[in-house]
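Asker: My structure is below; once you've seen it, I'll send some questions.
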Amino acid sequence: MIEAIAAAWLLLFAGDLLSTFCYHVPEHVFGSLHIRTHHSPNKNFRHYAVLSSNSFVLVDGVLGVLPYLLVSVILWPLSPVGVGVGLALGQFHVWWRHTTALNWRTPQLVTFLCGLLFVTTPERHWLHHKNTSLAYGDIFTFFERPAEAWMRILRLVRYRYKITTSVRAAQNTP
Ligand SMILES: [Zn+2]
Ligand SMILES: [Zn+2]
């Protein structure tokens with residue numbers, strides 16, 4: 001029982017950590033797929049909750065979930081049941097955090113409990129949909145500050161890279 005709970009929590013923690021720092025934040029800084037699909041305005045619940053057959057939505061969803069699957073393989077020997085529960089909870093959270101698109105409002109008690117457990121509510125996740133610099137951590141809120149710092153570093157890298165390429169371009173210009 002303890003192993004199952006530990007495996008489920010570790011799966012969600014490590015999956016969100018890897019997904020946020022290896023895909024979500026870098027994709028916002030260097031990419032365009034996630035912004036074009038997941039942050040496109042006025043889409044319906046099925047679109048945001050990756051219940052759409054749109055190929056771009058599916059690719060973005062698969063890339064986001066890939067870290068969870070990698071962590072599943074590592075945690076499988078600890079508890080297959082825990083891995084199954086963790087994946088199910090992760091999938092449930094994807095659907096739940098997009099219910100704002102259905103005009104649902106999270107009950108105050110649930111918001112309070114999520115605050116105690118550092119779990120992202122639909123309202124908090126919607127802040128990220130409206131402002132891509134805010135509210136990182138798809139499942140856990142404690143990834144927000146480190147994600148913002150990671151974003152600043154990656155933006156600096158992007159800025160430096162552009163300077164380098166423009167200097168090189170200028171040097172190569174006769
Ligand atoms: Zn979202
Ligand atoms: Zn995003």
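Asker: For the stretch 116-165, which positions are hydrophobic (A, V, I, L, M, F, W, C), part of a helix (DSSP H, G or I) and within 15 Å of ligand 2 (Cβ to nearest atom)?
Answerer: Matches in the stretch 116-165: 126, 127, 143, 147, 150, 151, 154.
Asker: If I go through the stretch 86-145 residue by residue, how many of them are exposed (fewer than 15 other Cβ atoms within 10 Å of the Cβ), on the phi > 0 side of the Ramachandran plot and touching a Phe, Trp or Tyr at 6+ places or on another chain (Cβ under 8 Å)?
Answerer: 1
Asker: Can you go through 18, 70, 78 and tell me which one is in contact with a Gly (Cβ under 9 Å, 6 or more places away or on another chain) and of a type in the set (A, V, I, L, M)?
Answerer: None of the other options fit; the residue is 70.
Asker: Right, another one. Tally the residues that are in a helix (DSSP H, G or I), within 13 Å of ligand 2 (Cβ to nearest atom) and surrounded by fewer than 16 Cβ atoms within 10 Å (Cβ to Cβ), restricting the search to the stretch 31-61.
Answerer: 3
Asker: Need pairs with beta-carbon distance below 9 Å; first residue more than 23 Å from residue 14 (Cβ to Cβ) and within the stretch 125-141, second β-branched (Val, Ile, Thr) and within 10 Å of ligand 2 (Cβ to nearest atom); sequence gap 6+ or separate chains.
Answerer: Sorted first by the residue in the stretch 125-141, then by its partner, the pairs are 132/35.
Asker: If you don't mind, another one. In this structure, does residue 111 turn out to be within 16 Å of ligand 2 (Cβ to nearest atom), part of a helix (DSSP H, G or I) and out of contact with any Gly (no Cβ under 7 Å at 6 or more places or on another chain)?
Answerer: no
Asker: Ok, one more. Which condition breaks for residue 105 when tested against (1) farther than 30 Å from residue 1 by Cα; (2) within 16 Å of ligand 1 (Cβ to nearest atom)?
Answerer: Of the numbered conditions (1) farther than 30 Å from residue 1 by Cα; (2) within 16 Å of ligand 1 (Cβ to nearest atom), the odd one out for residue 105 is (2).
Asker: Out of the residues in the stretch 1-32 meeting the condition of being small (Gly, Ala, Ser) and under 11 Å from the mean Cα position of the chain (by Cα), tell me which one is farthest from residue 89 (Cα to Cα).
Answerer: 19
Asker: Report yes if some residue within the stretch 13-27 is loosely packed, with under 15 Cβ neighbours inside 10 Å, without any contact (Cβ under 8 Å) to a residue 40 or more places away in the chain and either within 16 Å of ligand 2 (Cβ to nearest atom) or of a type outside the set (A, V, I, L, M) (or both); otherwise report no.
Answerer: Scanning the stretch 13-27, I find no residue that is loosely packed, with under 15 Cβ neighbours inside 10 Å, without any contact (Cβ under 8 Å) to a residue 40 or more places away in the chain and either within 16 Å of ligand 2 (Cβ to nearest atom) or of a type outside the set (A, V, I, L, M) (or both), so the answer is no.
Asker: What do you reckon, is residue 132 in contact with an Asp or Glu (Cβ under 9 Å, 6 or more places away or on another chain) and within 26 Å of residue 44 (Cβ to Cβ)?
Answerer: no
Asker: Of the residues that sit in the stretch 82-102 and are among the aliphatic types (A, V, I, L, M) and within 16 Å of ligand 2 (Cβ to nearest atom), which one is farthest from residue 5 (Cα to Cα)?
Answerer: Among those residues, the one meeting the criterion is 101.
Here, each number is a calculation from the coordinates, and none is a lab measurement. All of these numbers come straight from a predicted model, not from anything done at the bench. Don't worry about glycine lacking a Cβ; one is built from the backbone with ideal geometry, like all the others, and counts go over all protein chains shown.
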